[in-house]
Amino acid sequence: MMQSKPGLLALLGTAVLLTTSIGAQAQTSQPLVQQANMVYKGQFRLPTVTGNGFTYGGTAISYNAANDSLFVVGHVYDQDMAEVKIPALGGTGTLLQALKDPLGGKLEQIGGSGSKRIGGSLVFNNKLYVTAFTFYDGDASQSTTHFQRSLSLTDSSVTGPYKVGSLGAGFYSGYMGTIPAEWQSQFGGPALVGNCCLSVISRTSYGPAVSVFNPETIGQNATALVYYTSDHQTLGQYGASGVHPVFNGTTRITGVVFPTGTSTVLFFGETGVGNYCYGEAAACGDPSNESKGEHAYPYHAYVWAYNANDLLAVKNGSKPAYSVTPYTTWELSEPGNVSNDFGIGGAAYDAVGNRVFVIEKGTDASPVVYVYQISNSVAVVRPNPPTSVVTQ
């Protein structure tokens, strides 16, 4: 069932419902993706491999058009990466490149105290870009986030880590995606990067966050398009009781996709759709997580849809980053209830086939990848251009 934040469509002005093909048009008139646009096509599994493999893994995925494959991180303890050939729907992928450390031993160099994890990957102009974050960076001392390397995982040469922006590593150390060619000149770059909702929430965003950057000039400042701080918790107050699926303490965001021919930026992850509660699992009515902490059982795969014109207004200085909100949100029903610890591990996009890949982190040896297609002839809502009013 679609979960829409009340009043969000009012931010877009009057919208007109049309039936059209999603194609090349002026940016402000390109359609907004709705839940009905994301058509579920089927699923496949990652292969079972020796050792830890993909058990408790399936994160930081990216699409490689050259091989019709996915780069994906395996077991959470290893942080190794493999390339998996996408099979026919219902099948099991095959290894094109075995699990291997993609950072050549450099993961610890990002700084910050505590364990380190790969946050995202991106195939761009025949190179592989990888982000990383410190899982619990209590003093927010991590300063660098990005690595650059060959698409061949046996090539041990890795450059980085690089610092890409001024907000703090917790805003840039996760998911990445490309910007469609028709939008790149307006946004001033070809790619997106962000992160959200990490442990020690004050070092990152209180909801979806993304910035535009150029991987080929990595190291220069990224430009923020949307993020939320402790002073501007626009999507909901952290720790508030009640049902707040758009953002609460259990929300996790692990992927971003900007579909070609649309005015929509989609964020993927999971969130608790029940009453928020901090405490012991039993007292909070959470049978899926035995730990003391944040609960909002049950947990569902979730999509946050933003109007790219609003993000462009932030880039151009006519809106503050924290004023932008999703025009709609919805649950992905195919994964069903997910674990708050092992939910959605990431999302990747095939621009030619208009396919979206959403991976569910596996508690078994072969995580599941759900495949959706952005339909090209459906009822869509066209947005009006955003206003130039700056919210205080």
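All but one of (1) over 24 Å from residue 191 (Cβ atoms); (2) out of contact with any Asp or Glu (no Cβ under 8 Å at 6 or more places or on another chain); (3) in contact (Cβ under 8 Å) with a residue 24 or more places away in the chain hold for residue 287, so report the exception by its number.
The number of the failed condition is (3).
Would you confirm whether or not the range 221-237 contains a residue that is at pLDDT below 95 and touching a strand residue (DSSP E or B) at 6+ places or on another chain (Cβ under 7 Å)?
For the range 221-237, residues at pLDDT below 95 and touching a strand residue (DSSP E or B) at 6+ places or on another chain (Cβ under 7 Å): absent.
I want to confirm something. Restricting to the range 250-268 and keeping residues that are surrounded by 21 or more Cβ atoms within 10 Å (Cβ to Cβ) and small (Gly, Ala, Ser), which single residue is farthest from residue 338 (Cα to Cα)?
Filtering first and then ranking leaves 263.
Among the residues of the range 215-233, is there at least one that is touching a helix residue (DSSP H, G or I) at 6+ places or on another chain (Cβ under 9 Å), surrounded by 15 or more Cβ atoms within 10 Å (Cβ to Cβ), of a type in the set (A, V, I, L, M, F, W, C) and within 16 Å of residue 270 (Cβ to Cβ)?
no
Got a sec? Which strands (runs of 3 or more DSSP E) wholly within the range 333-392 have at least 1 residues that are at pLDDT 90 or above and small (Gly, Ala, Ser)?
344-350
May I ask you to list the residues in the range 104-150 that are at pLDDT 95 or above, more than 21 Å from the chain's Cα centre (by Cα) and not charged (D, E, K, R)?
104, 105, 109, 126, 150
Restricting attention to the range 76-88, which residues are over 16 Å from residue 120 (Cβ atoms) and buried (at least 19 other Cβ atoms within 10 Å of the Cβ)?
84, 86
Exactly one condition in (1) surrounded by fewer than 20 Cβ atoms within 10 Å (Cβ to Cβ); (2) in a strand (DSSP E or B) is false for residue 105; which is it?
Residue 105 satisfies all of (1) surrounded by fewer than 20 Cβ atoms within 10 Å (Cβ to Cβ); (2) in a strand (DSSP E or B) except (2).
Can you tell me which condition residue 160 does not meet? The list is (1) crowded, with 22+ Cβ neighbours inside 10 Å; (2) part of a loop (DSSP other than H, G, I, E, B), and all the others hold.
All conditions pass for residue 160, except number (2).
Just to be sure I understand, how many residues within the range 296-317 are within 29 Å of residue 184 (Cβ to Cβ) and part of a loop (DSSP other than H, G, I, E, B)?
Residues meeting the conditions: 2.
Considering only the range 141-157, I want to know if a residue exists there that is surrounded by fewer than 23 Cβ atoms within 10 Å (Cβ to Cβ) and among the aromatic types (Phe, Trp, Tyr).
No - not one qualifying residue is present in the range 141-157.
Check the range 287-310 and report whether any residue there is closer than 30 Å to residue 30 by Cα, of a type in the set (S, T, N, Q), more than 17 Å from the chain's Cα centre (by Cα) and surrounded by fewer than 24 Cβ atoms within 10 Å (Cβ to Cβ).
Yes, because at least one residue in the range 287-310 is closer than 30 Å to residue 30 by Cα, of a type in the set (S, T, N, Q), more than 17 Å from the chain's Cα centre (by Cα) and surrounded by fewer than 24 Cβ atoms within 10 Å (Cβ to Cβ).
Report yes if some residue within the range 143-156 is part of a helix (DSSP H, G or I), of a type outside the set (A, V, I, L, M, F, W, C) and within 24 Å of residue 257 (Cβ to Cβ); otherwise report no.
No; the residues of the range 143-156 include none that is part of a helix (DSSP H, G or I), of a type outside the set (A, V, I, L, M, F, W, C) and within 24 Å of residue 257 (Cβ to Cβ).
The values are calculated or read from the model by the stated rules, or taken from the named source; none is laboratory data. Computed from a predicted model, the values in this text were never measured in an experiment. No Cβ is skipped: glycine too gets one built from the backbone with ideal geometry, and neighbour counts run over all protein chains shown.
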